[in-house]
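Chemist: Would you mind keeping the following structure in view while I ask a few things?
The values are calculated or read from the model by the stated rules, or taken from the named source; none is laboratory data. Predicted, not measured: the structure shown is a model, and the values here were computed from it. In this analysis, Cβ positions are derived from the backbone assuming ideal geometry, glycine residues included, and neighbour counts consider all displayed protein chains. Accessible surface areas use protein heavy atoms only, side chains included; no ligands, DNA or RNA. Shrake-Rupley method; radii C 1.70, N 1.55, O 1.52, S 1.80 Å.
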Amino acid sequence: MNDHTVPAVLFLNEPVKTDLYKSLEKKYGMFNFRFAKKEKTPSEQQRDFLNYIEQNFYPSTEYKLEALYLGYSGFHPMGDGLTEELIIKYQQLQFLKVITLCSRGIDKVCVDYLQEKYNTVIKNYDDNESYVANDVADCAMYHVLEGFRKFSYQQGKLRDILHSEITRGYLRGDQENELKFCFGHELQLLTEQKNEIIINEQQNDLNQSLEYLEIKNETTEQPVDVIQYMYTNSPMNKKALIMGYGKIGQRVALKLKYGLSMDVSYTTRSGERDEVEDSLRDIKYYPWGNWNDDLSQFDAIVLCLPLSQQTKHLINDDFLKKCSRDQNDNLNHLTLVNLGRGMLIDWENIPEYLVKDRIRHIGLDVFYNEPALTKECDNLNEMNSSITPHIGSSTFEVFNRSSEFCLNLIKDTLG
Ligand SMILES: NC(=O)c1ccc[n+]([C@@H]2O[C@H](COP(=O)([O-])OP(=O)(O)OC[C@H]3O[C@@H](n4cnc5c(N)ncnc54)[C@H](O)[C@@H]3O)[C@@H](O)[C@H]2O)c1
């Protein structure tokens, strides 16, 4: 056993190699452990981790494990994570002075035990950091805008078709000799998206005669069916409800109001806010729990709530029925966007007809069974939904700033 020990930092994810990192390198032992990518059970991952710390740290070597950099994923692959039992059993874990995480909350670390018993400093990337809320709100704005304008849908079609006029649409059922100019405000989703447009060979000067376009199945020559039809709409003056009015909800309110010129309301469990910054002053309060027909006034609902016992499945069959308008008019007006957590929406019990006929657009950055996309996908297609892989806050700026925050905390704590 060594008398002389060197403080060591263990990285479970790669930090940004800034000057700060280089300065730490000069003072401490820097170690990297990576969980296996897949095909290992949580207990095998745990075994690998424990073997690693046993082999690399004091008392087996002179490196004393004093800091843990968890990055974004932390202990997630390892079942229960860093439990009290493991700390009691493995001496290597008893010298930890600081544990840092780049994202919100410290999951899978027995925070209370470590703080109480060893006075360990445990912090995640600063909650008051404005970049996170701002960048997640940008993601919300993208999904809301897509709900009204369908830019991504049009982009996907244009990349396939490579012709702007055809992309804007040929509407079936027109009179044979009618010259039809498509402005682009009508959208149709066809049973087959690719290769369905056959241009009449004699008339391929499309600037002259769009009426010669036919939409047919290439093999059967039968016309392709329209399975969904909608207009693109302007978000201006449409009503949006933000559910959850914390850091993210407030940024979303600003972006929808000033960016998309929407008429914005918010609702939150803690009730109407007394003190708000000037720019948020005319955002209206909608009473929390008022899940009745008044909800049908909203054209967009954006979920910015955390997941808890109270918020799980808050958006269910009943809630969505209340959002519906007159049965014969504007059936599918609602754009529903979820930025909070997948389980806020009770997908399993939302009947197919609600999604198909009552909801215009669903925008998701978070999913019920993340990381896999399972429940949500049945009724969603490229025209009635937009999906992003939980990248609300995933910008270069947030990544770098969170890494720098964690490295600074390690430097300040270890001295
Ligand atoms: N998509 C992403 O990339 C991403 C990134 C960061 C956060 N998020 C999610 O967004 C959520 C909100 O983040 P934030 O920074 O605005 O948090 P915050 O703590 O600032 O605000 C949360 C809001 O939800 C309300 N709330 C909390 N519990 C509630 C309950 N049980 N019922 C009703 N209202 C409740 C609070 O009053 C507050 O208005 C996070 O919890 C997280 O799930 C997503």
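Chemist: Test of understanding: among 395, 374, 413, 388, which residue is among the hydroxyl-bearing types (Ser, Thr, Tyr) and free of Cβ contacts under 8 Å to residues at least 24 places away in the same chain?
Modeler: Working: 395 fails: free of Cβ contacts under 8 Å to residues at least 24 places away in the same chain; 413 fails: free of Cβ contacts under 8 Å to residues at least 24 places away in the same chain; 388 fails: free of Cβ contacts under 8 Å to residues at least 24 places away in the same chain.
Step by step, each of 395, 374, 413, 388 is checked, and only 374 is among the hydroxyl-bearing types (Ser, Thr, Tyr) and free of Cβ contacts under 8 Å to residues at least 24 places away in the same chain.
Chemist: Go through region 151-188 and give me each residue that's at pLDDT below 80 and among the aromatic types (Phe, Trp, Tyr).
Modeler: Of everything in region 151-188, those that are at pLDDT below 80 and among the aromatic types (Phe, Trp, Tyr) turn out to be 170, 181.
Chemist: Could you tell me whether region 310-325 includes any residue that is more than 15 Å from the ligand (Cβ to nearest atom) and of a type in the set (Gly, Ala, Ser)?
Modeler: yes
Chemist: Something else now. Take the conditions assigned by TED's automatic domain parsing to the domain that holds residue 254, under 24 Å from the mean Cα position of the chain (by Cα), within 16 Å of the ligand (Cβ to nearest atom) and not aliphatic (A, V, I, L, M) and apply them to residue 107. Does it pass?
Modeler: When the stated conditions are applied, residue 107 does not pass them.
Chemist: Of the residues 53, 88, 106, 99, which single one is of a type in the set (Val, Ile, Thr), out of contact with any Asp or Glu (no Cβ under 9 Å at 6 or more places or on another chain), open to solvent by 30 Å² or more (accessible area, probe 1.4 Å) and modelled with pLDDT of 95 or more?
Modeler: The conditions single out 88.
Chemist: May I ask you to list the residues in region 149-159 that are in contact (Cβ under 8 Å) with a residue 24 or more places away in the chain and either under 15 Å from residue 185 (Cα atoms) or exposed (fewer than 15 other Cβ atoms within 10 Å of the Cβ) (or both)?
Modeler: Matches in region 149-159: 149, 150, 152, 153, 154, 157.
Chemist: All but one of (1) at pLDDT 95 or above; (2) more than 16 Å from the ligand (Cβ to nearest atom) hold for residue 386, so report the exception by its number.
Modeler: For residue 386, the failing item is (2).
Chemist: Please find, among 350, 362, the residue that is open to solvent by less than 40 Å² (accessible area, probe 1.4 Å), within 16 Å of the ligand (Cβ to nearest atom), touching a residue at least 12 places away in the same chain (Cβ under 8 Å) and of a type in the set (Val, Ile, Thr). Before you say what the answer is, go through the steps one by one.
Modeler: Working: 350 fails: within 16 Å of the ligand (Cβ to nearest atom).
Unique residue meeting the criteria: 362.
Chemist: If you don't mind, another one. Residues that are in contact with a Ser or Thr (Cβ under 6 Å, 6 or more places away or on another chain): find the strands (runs of 3 or more DSSP E) completely inside region 307-415 holding 2 or more of those.
Modeler: Details: elements: 334-338, 359-364, 385-387.
Qualifying strands (runs of 3 or more DSSP E): 359-364.
Chemist: A further question on this structure: Run down 258, 266 and say which single residue is at pLDDT 95 or above, under 25 Å from the mean Cα position of the chain (by Cα) and either part of a loop (DSSP other than H, G, I, E, B) or surrounded by 15 or more Cβ atoms within 10 Å (Cβ to Cβ) (or both).
Modeler: Result: 266 is the single residue among 258, 266 that is at pLDDT 95 or above, under 25 Å from the mean Cα position of the chain (by Cα) and either part of a loop (DSSP other than H, G, I, E, B) or surrounded by 15 or more Cβ atoms within 10 Å (Cβ to Cβ) (or both).
Chemist: Right, next: Specify the residue that is nearest to the ligand (Cβ to nearest atom); the eligible residues are those in region 112-132 that are open to solvent by less than 40 Å² (accessible area, probe 1.4 Å) and at pLDDT below 95. Show your work before the answer.
Modeler: Restricting attention to region 112-132, the residues satisfying the condition of being open to solvent by less than 40 Å² (accessible area, probe 1.4 Å) are 114, 120, 122, 124-125, 129, 132.
Going one step further and asking which of them are at pLDDT below 95, we end up with 124-125, 129, 132.
Details: 124: 11, 125: 10, 129: 10, 132: 6 Å.
By that ranking, first place goes to 132.
Chemist: While we're on this one: Would you confirm, using the coordinates I've provided, whether residue 302 is within 15 Å of residue 143 (Cα to Cα), free of Cβ contacts under 8 Å to residues at least 60 places away in the same chain and crowded, with 16+ Cβ neighbours inside 10 Å?
Modeler: For residue 302, the condition - within 15 Å of residue 143 (Cα to Cα), free of Cβ contacts under 8 Å to residues at least 60 places away in the same chain and crowded, with 16+ Cβ neighbours inside 10 Å - is not met.
Chemist: Okay, moving on. Looking at region 10-44, which of its residues are open to solvent by 90 Å² or more (accessible area, probe 1.4 Å) and of a type in the set (Val, Ile, Thr)?
Modeler: Correct list: empty.
Chemist: Right, here's the next one. Criterion first (modelled with pLDDT of 90 or more, within 15 Å of the ligand (Cβ to nearest atom) and open to solvent by 20 Å² or more (accessible area, probe 1.4 Å)) does residue 393 satisfy it?
Modeler: On the way: modelled with pLDDT of 90 or more: yes; within 15 Å of the ligand (Cβ to nearest atom): yes; open to solvent by 20 Å² or more (accessible area, probe 1.4 Å): yes.
Yes; evaluated as a whole, the condition is true for this residue.
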